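Note sheet for the following structure.
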There are 2 protein chains.
Amino acid sequence: MTNSSSDRPGEFELIAQLFAPLSAKAAGAYGLTDDAATIQPPPGQELVVTADLLTAGVHFRADDPPALIARKSLRVNLSDLAAKGAEPAGYLLSLALPRDWTLPWMQSFADGLREDQNAFSVALLGGDTTSTSGPLTIAITAFGFVPAGSMIRRNGAKLGDHVFVSGTIGDAGAGLAALVGELANISAADRETLVSRYQVPLPRLALGEGLRGTATAALDVSDGLLADLGHIAGTSGVRVVIDADRIPLSLAFKASGGSVSLAVAAGDDYEIAFTVPAAKRDDVRRVADQAATPITEIGRVEAGAGVALLDSSGHEIPVSKTGYRHF
Amino acid sequence: MTNSSSDRPGEFELIAQLFAPLSAKAAGAYGLTDDAATIQPPPGQELVVTADLLTAGVHFRADDPPALIARKSLRVNLSDLAAKGAEPAGYLLSLALPRDWTLPWMQSFADGLREDQNAFSVALLGGDTTSTSGPLTIAITAFGFVPAGSMIRRNGAKLGDHVFVSGTIGDAGAGLAALVGELANISAADRETLVSRYQVPLPRLALGEGLRGTATAALDVSDGLLADLGHIAGTSGVRVVIDADRIPLSLAFKASGGSVSLAVAAGDDYEIAFTVPAAKRDDVRRVADQAATPITEIGRVEAGAGVALLDSSGHEIPVSKTGYRHF
């Protein structure tokens, strides 16, 4: 954010001018003129709710383009809905704004939200706006619907299941490295690909909805592939074994000098990792085709605990860092 | 927060140790082991959702007792549900923790949440935990239920309605003034009363539920009585006229030297202001009695726009500051 604060609207004008239009199509948002919103799941469905809080300096860089900050904030929440098999419905947005925020910055931020609202058919339902002496902080709660009881949990992985992941792994981590100047010798095109993966992740909504009834467990890869698969292993009471040479890596990631060890520990990919019974391996291929989403089988579920990364000889590769931890 | 960080648990251990127990009784919380929670409104009801974000230095003082910070954060959200006539069900908690947080601080914070969860029959359903280079920031989304279509809106005030407010006004503002050393000559008992009103507001849940079908408009007094009544006036397309000498002031507030002008501009009271048709004035007294909540009639709804504060001769009292604005 820049330092001019001239011609800035007040809190209520900001909501009326920039945010109320983002609620226009939503029945229970009341044009953001009330203290609360109402949501009624369609008959037979239940609500899926998830919250992610993003802070400048941790989840995005303060000087990232505001529209991209907005879109990433929304998308990481939609990614949670995707991994749970939910159809997105709306979201609440709470902002803690540094005292030097500017109107043009907020307009770009709202434009980014509008763009992704249209892309993913969601509407702003409410939220809160305040000031902070610290960095920009964005708290989003996203709402989706699933047929009652059909949310894809983390804890359903079974012995013999096959482990899949969508897309490619490690790109966002390399994109962040590029942004902070750690990757010198990559092409402009590769740099753009990787940075874009960090700044504008793609929530795998069509895949997630298709996985309801097929996947036994799923989550989105936010902390790092191994760390996140560790959550599935822990809650399911199983061991997850991954073959290192099957981890899907993009050409741009490889060109950046990225290794499998880096890829599996990098966060922010927002791909879906999931487990599927052997009998449904063909079904899941069809689901992925229909969702136009690439998936790769990377391992299997065994008895035991934890996550193991194996080399092509079946030996476990030591991994010092399995994923991002905030503290 | 103090500066020792020895023996601190990691992010996931923190959730498992301190926060998962707060979700124990909630069906759709899955013990905080998943990416999302599920909520199913009871038959015939719909969900009411509201979000409030609180930041140290704005909504509470960084050195306030952690249990009180937790309780206030939850209560201001429950207060929104109360004002909408909703029965609280659960909440999501997202925390941005300064890098110097300590385990004892977090334990007290969790203890505060537990105490108020029990008091108000709500459970933690999920959330997010991250770090920040700035002040402690707490984002809560609260969920409640109302019979479908019965949420008390802001925009229903009608000509001839009577205006009521619960409890007393101005106490929290005086409590904050006492905390920052601006009130020298008050008794210890008055000081404690006022500070407590600032640190631990009381969500008027029983009153709010009782007002469904009786009040035509309602909100909780968070920015300041006049500012908040201005929201009712604006969304309802009416003028709200308040008699200054009917504003309910506590003995402690008066003893602190507080005036009506201060009271109507002070925020953080979390009382409910609401409008009632003349035909339902007796009903609303019964509702308040059943909720064991004092209410006071303070004015009326007229044609026009805005809010006016009148003296005993019916002359408008100029009010320079109507309520708190974050920017």
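Any read-out appearing in this document is the output of simple, stated calculations on the displayed coordinates, not a laboratory observation. This is a predicted model, so every value here is computed, not measured. Counting neighbours? That spans all protein chains shown, and the Cβs are built from the backbone with ideal geometry, glycine included.
Express the C-alpha Rg of the range B:11-147 as a ratio against the empirical globular expectation 2.2 N^0.38 Å, rounded to two decimals.
1.01
For the peptides B:200-211, A:302-313, what is the packing order when you average, over each peptide's residues, the other Cβ atoms within 10 Å and list the highest mean first?
Per-residue mean Cβ counts within 10 Å order the peptides as B:200-211, A:302-313.
Across the residues of A:39-47, average count of Cβ atoms on other protein chains within 10 Å?
4
Which whole number gives the average count of other chain Cβ atoms within 10 Å of the Cβ atoms across peptide A:51-63?
Per-residue shielding by partner chains comes out at 4.
For the ranges B:100-106, A:235-241, what's the packing order if you count other beta-carbon atoms within 10 Å of each residue, average per peptide, and put the highest first?
The packing order, highest mean first, is A:235-241, B:100-106.
Around A:Glu297, under 10 Å between beta carbons, what's the net of Lys plus Arg minus Asp minus Glu among the other residues?
+3
What's the local net charge at B:Leu205, with K and R +1, D and E -1, over the other residues with C-beta under 13 Å away?
Surrounding charge for B:Leu205 is -2.
Which lysines, on any chain, are close to B:Lys280 with Cα under 21 Å apart, when same-chain ones fewer than 8 places away are left out?
The reachable lysines, counting only those whose Cα sits under 21 Å from B:Lys280, are B:Lys84, B:Lys158.
How much of the DSSP bridge set in chain B is antiparallel, in percent, rounded to the nearest 5?
The answer is about 70 percent antiparallel.
What is the spin-label model distance, in nm, from B:Asp311 to A:Arg99 if the labels are put 7 Å beyond Cα along the C-beta direction?
Reported label-point gap for B:Asp311 and A:Arg99 is 3.6 nm.
With N set to the residue count of chain A, report its C-alpha Rg divided by 2.2 N^0.38 Å to two decimal places.
The value comes to 1.02.
Ordered shortest first, which distances in nm separate the 7 Å Cα→C-beta label point of B:Gly57 from those of the other copies?
Inter-copy label distances (nm, one decimal, shortest first): 1.0.
Using 0.36 nm per residue of separation minus the Cα-Cα distance, give me the extension gain between B:Asp283 and B:Asp111 in nm, one decimal.
58.1 nm
With the label 7 angstrom out along Cα to Cβ, how close does A:Asp289 come to the same site in each of the other copies, in nm, nearest first?
Label point to label point, same position, other copies: 7.3 nm.
Using alpha carbon centroids, what distance separates the range B:125-154 and the range A:77-118, in Å?
16 Å
Just to confirm the numbers: A:Glu302, label point 7 angstrom along the Cα-Cβ line, distances to the other copies in nm, shortest first?
Label point to label point, same position, other copies: 8.2 nm.
Pop the C-beta distance of A:Ala27 and A:Ser121 into the FRET formula with R0 = 22 Å and round what comes out to the nearest 0.05.
Between A:Ala27 and A:Ser121 the formula returns 0.95.
What's the minimum Cβ distance from chain B to the axis relating it to A, in whole Å, and which residue gives it?
B:Gly134, 1
Using only the alpha carbons, work out the radius of gyration and Dmax of the range B:197-313 in angstrom.
Using the Cα atoms of the range B:197-313, the pair Rg, Dmax is 14.0, 38 Å.
Grab the beta carbon distance between B:Ala184 and A:Ala62, set R0 = 45 Å, and tell me the FRET efficiency rounded to 0.05.
0.60
At a Förster distance of 60 Å, what's the computed FRET efficiency of A:Ala206 paired with A:Arg8, Cβ-Cβ distance as r, to 0.05?
0.90
Report, as an integer, the average count of C-beta atoms from other chains found within 10 Å of each Cβ along B:122-134.
Partner-chain Cβ atoms within 10 Å, mean over residues of B:122-134: 6.
Check cross-link reach from B:Lys254 to the lysines: straight Cα distance under 27 Å, and skip same-chain residues fewer than eight apart.
Excluding near neighbours in sequence, the set is B:Lys72, B:Lys321.
Cα gyration tensor of the range B:113-197, axes a ≥ b ≥ c as square roots of the eigenvalues: rounded (a/c below 1.5), prolate (a/b > b/c) or oblate?
oblate
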